[in-house]
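Throughout, read-outs are computed from the coordinates displayed, never taken from laboratory work. Note that the coordinates shown come from a computational prediction; the quantities given were computed from them, not determined experimentally. Because the Cβ atoms are built from the backbone with ideal geometry, glycine has one as well, and the counts that use them run over all protein chains shown.
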Amino acid sequence: MNASELTIPHGGIYLIIDPAMEEAILLQKLSVIINKGISAVQIWDHFPNEKNVKQLILNIQAICEPHQVPLLMNNRWEYLQDIKLAGVHFDDPPDSLPDIQKKINRKFIVGLTCGNDLRKVEWALSNDIDYISFCSMFPSPSAGVCEIVTHETVQKARMMFKKPIFLAGGIRPNNLMALSDLDFDGIAVISGLMYADEPDKVLIDYLKNLKKIKDENRNH
């Protein structure tokens with residue numbers, strides 16, 4: 001994906017994939033759902049070893065690129081120097097974003113994970129970050145040590161941050177409606193899709209409930 005074709009994740013389903021999964025299964029499941037409503041893909045910084053990381057990234061990119069789905073790397077921004085990834089998603093603000101931008105030397109998307117501490121949102125604002133995500137909305141094994149984010153935090157963040165906001169952590173089709181009081185743009189999911197036996201069918205359920213929330217908020 002060329003820098004001129006960068007598409008900021010705008011909403012819908014932001015898929016995070018776990019590179020610790022068996023590669024053949026990971027690529028097969030990604031291929032099944034990539035053109036069914038996925039707005040962006042992020043490779044989680046969860047590599048079991050460092051041997052074949054670059055080739056795995058290229059294999060994932062080969063699935064995303066034909067569908068114009070932006071592919072981002074979690075934390076490991078140095079991979080953007082050799083591979084034309086769309087962007088990087090940071091779990092914490094880096095020491096010097098300008099230095100990273102100088103080293104990558106092209107336009108790229110930047111996202112940031114936020115929690116209940118709104119100073120991260122302030123950092124995102126002052127550094128003109130493209131989007132933020134909140135983790136974790138529900139208890140989740142893949143969210144690790146993420147704290148549970150309050151609805152009040154998301155509401156305050158929306159008043160501050162006008163670019164896309166994603167919610168993440170333990171979100172399933174059957175609990176998604178519990179977030180309907182919040183003004184957000186999309187959800188980020190890992191295990192809810194990639195560990196499902198039929199991810200395409202689960203994706204339909206996610207999208208239906210997201211649409212329901214959007215319709216309800218539009219009518220209020």
Problem set entry | Top of 168, 24, 157 by mean-square fluctuation, Gaussian network on the chain, Cα under 10 Å | 24
Seminar exercise, completed: Subtracting the Cα-Cα distance of residue 219 and residue 10 from 0.36 nm times their residue separation yields 73.2 nm
Problem set entry | Packing-based exposure ordering (other Cβ within 10 Å, fewest first) of 76, 218 | 218, 76
Seminar exercise, completed: Of 185, 91, 197, the most mobile residue in a GNM of the chain (C-alpha springs, cutoff 10 Å) is 197
Problem set entry | Virtual spin-label span in nm between residue 82 and residue 175, 7 Å along Cα→Cβ | 3.8 nm
Exercise. Rounded to the nearest 0.05, what FRET efficiency is calculated for residue 147 and residue 200 with R0 set to 30 Å and r the Cβ-Cβ distance?
Worked result: 0.40
Exercise. For 125, 26, what ranking results if the residue with the fewest other Cβ atoms within 10 Å of its Cβ goes first?
Worked result: 125, 26
Problem set entry | Lysine pairs meeting the criterion (Cα under 21 Å, 8 or more apart or interchain), as found in the stretch 1-150 | 8
Exercise. Within the chain, what's the longest stretch lacking GluC sites (Glu not before Pro) that sit in DSSP loops with no more than 10 other Cβ atoms inside 10 Å?
Worked result: 51-220
Exercise. Using a Gaussian network model of the chain with C-alpha springs under 10 Å, which one of 148, 190, 132 is most mobile by mean-square fluctuation?
Worked result: 148
Exercise. Taking N as the number of residues in the stretch 106-220, what value does Rg over Cα atoms divided by 2.2 N^0.38 Å take?
Worked result: 1.07
Problem set entry | Length-normalised contact order for the chain - Cα pairs under 8 Å, 6+ apart - percent | 21 percent
